[in-house]
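The block underneath contains the structure these notes are about, expressed in structure tokens.
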Ligand SMILES: Nc1nc2c(ncn2[C@@H]2O[C@H](COP(=O)(O)OP(=O)(O)O)[C@@H](O)[C@H]2O)c(=O)[nH]1
Ligand SMILES: [Mg+2]
């Protein structure tokens, strides 16, 4: 009975995600869904990213947390529309939450919708939100074995961002091993190593993102 209910929830989620994907296909909107454990540096990365996107793209941000508007407050300083989604206990965002709150950040069509998922490496990975790009973030303080322990999200992600590389001198984190683990799980994944604190790797990250936005807009224009 429980399994049946879960199956129906997933099916309803996937159907709505397909509707959203179709809508963003037509509008040429690139949708990024960033997933990581709590504290890996998602919001800080997005803050530094939004600074660099100012004047370049029309972006909107939806940010999920179990409680508080803290992240929305942080992200709303950069001139882009931001909406906090409070899940009140649910450990991931679902497509119906995105559909409900999308009008708050998308008045007349976006180039880029950024979704910061609830901090969790497991649940958010199974819920399709209609995004183009699932991006997984892993901080160097979490240990290089985490891709092996949580392969699902690394398998589904288009990019993996290794964050907080400014801390490497103080840690035993094995960067060569993490690169190998990530590529063993997903040989096609785009790997980025960066620090939101000292800016290392940020240009490469933002250029990759802008390239994705451009590619989707071009596909849209050529129709
Ligand atoms: N040293 C260092 N700390 C960082 C970096 N990025 C984020 N942090 C810190 O990590 C903590 C969690 O960051 P936050 O962006 O809130 O993570 P989130 O929970 O994944 O959104 C905060 O104290 C940040 O200041 C970084 O690149 N280097
Ligand atoms: Mg956050």
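Quick look at the values:
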read-out: Spacing of the two label points (7 Å from each Cα toward its C-beta) at residue 141 and residue 180, in nm; value: 2.7 nm
read-out: Ratio Rg/Rh [Cα only; Rh per Kirkwood] for region 1-58; value: 1.14
read-out: Using a Förster distance of 35 Å, the FRET efficiency for residue 66-residue 218 (Cβ separation, nearest 0.05); value: 0.35
read-out: Convex hull of Cα atoms in the chain, direction-averaged projection (nm²); value: 12.6 nm²
read-out: Net lengthening on full extension, residue 15/residue 2 (0.36 nm per residue, minus Cα-Cα); value: 2.7 nm
read-out: Model label zone, residue 107; criterion: amide N under 13 Å from point 7 Å along Cα-to-beta-carbon; scope region 66-96; value: 80-82
read-out: For region 57-109: rounded, prolate or oblate by the Cα gyration tensor [a/c cutoff 1.5]; value: oblate
read-out: Rounded to 5, percent antiparallel among DSSP beta bridges of region 2-218; value: 0 percent
read-out: Packing-based ranking, highest mean first, of 34-44, 72-82, 126-136 given that Cβ atoms within 10 Å are counted; value: 126-136, 34-44, 72-82
read-out: Efficiency of FRET between residue 168 and residue 51 - r from beta-carbon atoms, R0 22 angstrom, step 0.05; value: 0.40
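Bear in mind that the values in this text are calculations on the coordinates, not laboratory data. As the structure is a prediction and not an experimental result, all values here were calculated from the model. Cβ: placed from backbone, ideal geometry, glycine included. Neighbour counts: every protein chain shown.
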